[in-house]
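Shown next, in structure tokens, is the structure this report addresses.
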Amino acid sequence: MRVAETLDRMQRVHITRRAGEDLHLTTARHDQQREETADITARLLAALVRSGAGERAIPRALPSVFPWVRHLSADELKEFVAELIDATYDAAQLDVHAHLHRVVVEWRATARVLADPELTAQLTRRLPDEDHGEVTAPKDTR
């Protein structure tokens, strides 16, 4: 009963578990509001990118959210923004948040490589003209 009373007051309760991942209990209203917030954010970001002013403003604003984007080229930045919008829509419309997290993690890793000239040179150097055989698709670990 105390948990339900706390939920009425706080809309969300954090439960720490010893033998598993922590849990968050929330009210349906709070969850719906979060979904609406994500949807509005995704639509706003997409609308901004489609507008001339937004197309110019977003690349200037992104470094305040993701400081590492300064290591991306203009084309890479456009690709990141497009993937970020798609992933934000997935989070809002499909309740799939892992894709958004993966997009940010992968682009941050790209920026990390690009920020290190020695690593960039090592990873982008031409490989010998040897044929190393067929590359197989990775196994799905889900």
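The values are calculated or read from the model by the stated rules, or taken from the named source; none is laboratory data. Quick caveat, the model's predicted, so the values are computed rather than measured. Every residue, glycine among them, receives a Cβ derived from its backbone with ideal geometry; neighbour counts consider all protein chains shown.
Some observations on this one:
- Look at the range 13-25: where a residue is at pLDDT below 90 and a partner is among the β-branched types (Val, Ile, Thr) and not in a strand (DSSP E or B), sitting 6+ places away or on another chain with Cβ atoms under 7 Å, you get VAL13/VAL3; VAL13/THR6; LEU25/VAL3.
- Residue match in the range 32-42 (condition: within 30 Å of LEU7 (Cβ to Cβ), surrounded by 14 or more Cβ atoms within 10 Å (Cβ to Cβ), without any contact (Cβ under 8 Å) to a residue 12 or more places away in the chain and under 19 Å from the mean Cα position of the chain (by Cα)): yes
- The residues of the range 70-105 that are assigned to a helix (DSSP H, G or I), surrounded by 15 or more Cβ atoms within 10 Å (Cβ to Cβ) and over 13 Å from the mean Cα position of the chain (by Cα), listed by number, are HIS71, GLU76, LEU77, LYS78.
- Extreme residue, nearest to LEU94 (Cα to Cα), among residues of the range 15-31 that are of a type outside the set (A, V, I, L, M, F, W, C) and surrounded by 11 or more Cβ atoms within 10 Å (Cβ to Cβ): ASP31
- Some residue of the range 37-57 being in contact with a Lys or Arg (Cβ under 8 Å, 6 or more places away or on another chain), modelled with pLDDT under 85 and of a type in the set (Val, Ile, Thr): no
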